[in-house]
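Below: the structure, in structure tokens.
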């Protein structure tokens, strides 16, 4: 019989073999387990939640307003509990800004969606000779492998796909679900558990034979992915994906929208020991009608979600151990276009970070009165991720080696931002 190892070692291939029926998810003692894991997080088990703004948000209208400038737009700044001003359409966020800081001098030069997304996720510009791991995969590799009680993936992406694990391997790829906790591209559950066990036993025999025949890394990786699938089918921890377990007051605070549900799920996941969660909020490619689209749709959901997540983590004693990052692939032009929009702009824009023991309530860096030029020091994606790495206790100076033997520094060799570290 001519058997061959499948070459499709993608997350989709993994999910084809995954069952997600609620009937396969044990429910006993889940609440007490979540409480125990929350206590572990409080005992310095760090995590990061990345709020990804797909499309490139106009940070000049959110975090670095320019009243009095022709570029300033329609919105006014308001004071906050921190030593910063932000948009009048983020009033709830203003009440938690003492926990968050704005890096206002990002200058990243990549104003293409794909290239900018890659750069902001990996700290490296795209290169045809190597696929760099997204930062969530690095956290999975560094922290997830240390958490022996963690049965669900160490890197979860909610609402959209994240980056690639690159040379770290598929075991550290993002596990993608929608805001309702449904696994992307999943198949119906296997109804007969005995039949499933028989299939797994047969598969184990075949794959063990491939591994013993020295056919490279693919058979071993394939077997590891199937093992993770079985863990997911049988783990109580999968209940963390089901936000209906939360009381209605909490769910209302986050908001009944994809971003709000995603953030609530992220809180449940980090509480359960997941070290990196990315929550996608798209819709920021605002080439026209920027102000009504922000005011009527994007900013109300963003405002409610950020405020609820920050407050919830703080009330649970988790905020000092969970780093929050808000970013997109770039900002948008200071100049307002004829269609009352803003185009792509990577020259001077903002990122927000907080929690995890980082200093809040401040602005780091600045732009000029028109929002065009950086005043003083500028920052790159690697500086943001190096800051996060230090807050998570990762080895900032670590050097990885790609499959081709190429040395690659963690966070692209970026430097932690001292104003945030303290």
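Averaging 1/r across all pairs of distinct Cα atoms in segment 318-413 and inverting the result yields a Kirkwood radius of 15.7 Å. Scoring 156-163, 128-135, 176-183, 241-248 by mean Cβ neighbours within 10 Å over their residues and listing the highest first yields 156-163, 128-135, 176-183, 241-248. Protection proxy ranking for 388-397, 68-77, using the average of other Cβ atoms within 10 Å per residue and placing the highest first: 388-397, 68-77.
Across segment 246-363, Cα-Cα pairs farther apart than 26 Å form 27% of the total.
Ordering of 87-99, 301-313 by packing is 301-313, 87-99, highest average first (other Cβ atoms within 10 Å, averaged per residue).
What share of Cα pairs, in percent, lie more than 18 angstrom apart in segment 77-191? Percentage above 18 Å: 67.
Read the figures in this text as sums done on the coordinates, not as results from a lab. Values in this document were obtained by computation on a predicted structure and should not be read as measured data. Note: ideal-geometry Cβ built from the backbone for every residue, glycine included; neighbour counts use all protein chains shown.
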